[in-house]
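I have placed the structure first, in the form of structure tokens, so that the comments after it can refer back to it.
Please treat every number below as a calculation from the coordinates, not as lab data. Bear in mind the structure is a predicted one, so any value in this text is a computation, not a measurement. In this analysis, Cβ positions are derived from the backbone assuming ideal geometry, glycine residues included, and neighbour counts consider all displayed protein chains.
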Amino acid sequence: MREHSSHRGPTGPAPAPAVWTGRATNRLQWLPAVAGAACMALGITLAVESPWTSGIAPLLMAVIGCVAAGVLVLFGTLAFVHVAVRVDDDAMEVRCGHIGVPRRRIPLSHVVDADFEPSVTPRQWGGWGYRWRPEKGTAVVVRRGEGLVLRLGDGRTFTVTVDDAEAAVRAIRGLLRRTPPPTPV
């Protein structure tokens, strides 16, 4: 979480940073990732050293099932081990995991306001990850704790858990004061 260009001006408070970056991490997500890797290893071991005596079809189903479940669990959890948020004078971009997928880019021209939420929990959103609830909006939840809530011009909200969310709110609000009001999409 870094703020760039945040020095105090001669006539008052510091201007909004040109770029704000932040992130949040959930080390507990590594546990399911290890379980997914173990499941994949079991499938590979079954394929290579199979003592299976009841035919090829059950063996193939076991191998494919273990590998497929392992891949889904492994990559599904690694995508939400951490989230990186970047705010510049054009948009807010959220990237998840080590390869940055899923990714969401929200132009600031679509943002009405930003709010600080001191306590976002996976329970509120139905779990970790990229979530959608009709009554709440969309969220990226990688851990419990503080978060940033964007109110969009179309009435929807977007929430993301990120460290130092208050600084992100200040940066976004500063940028919104410099841009025209949002256009409905």
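The table below gives the values:
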{"item": "Answer label, with Kirkwood radius over Cα pairs in Å calculated from the coordinates and candidates [x] 18.0; [y] 16.6; [z] 18.5", "result": "[z]"}
{"item": "ARG173/LEU31 FRET efficiency (R0 45 Å; Cβ-Cβ; nearest 0.05)", "result": "0.75"}
{"item": "FRET E, pair SER119, THR45, Förster distance 35 Å, beta-carbon r, rounded to 0.05", "result": "0.20"}
{"item": "Length released on extending from VAL112 to ALA69, taking residue separation times 0.36 nm less the Cα-Cα span", "result": "11.4 nm"}
{"item": "Rounded, prolate or oblate (a/c below 1.5 giving rounded, otherwise prolate when a/b exceeds b/c) for the range 83-185 by Cα gyration tensor", "result": "prolate"}
{"item": "Cα centroid separation - the range 54-96 against the range 155-171, whole Å", "result": "25 Å"}
{"item": "Degrees, to the nearest 10: 165-178 long Cα axis against longest axis of the chain", "result": "50 degrees"}
{"item": "Helix axis angle, 30-48 relative to the chain longest principal axis, alpha carbon, degrees", "result": "30 degrees"}
{"item": "Computed over the range 101-161, Cα set: Rg, Dmax in Å", "result": "11.0, 31"}
{"item": "Cα gyration tensor category, rounded, prolate or oblate, for the range 57-112 with a/c compared to 1.5", "result": "prolate"}
{"item": "Computed lengthening from LEU59 to TRP132, 0.36 nm per intervening residue step minus Cα-Cα distance", "result": "22.5 nm"}
{"item": "Cα→Cβ-extended label distance, 7 Å offset, between ARG156 and ARG103, nm", "result": "1.9 nm"}
{"item": "Helix-only [θ]222 nm of the chain, DSSP H runs n ≥ 4, -39500 (n - 2.57) each, per residue, nearest 500", "result": "-10500 deg cm²/dmol"}
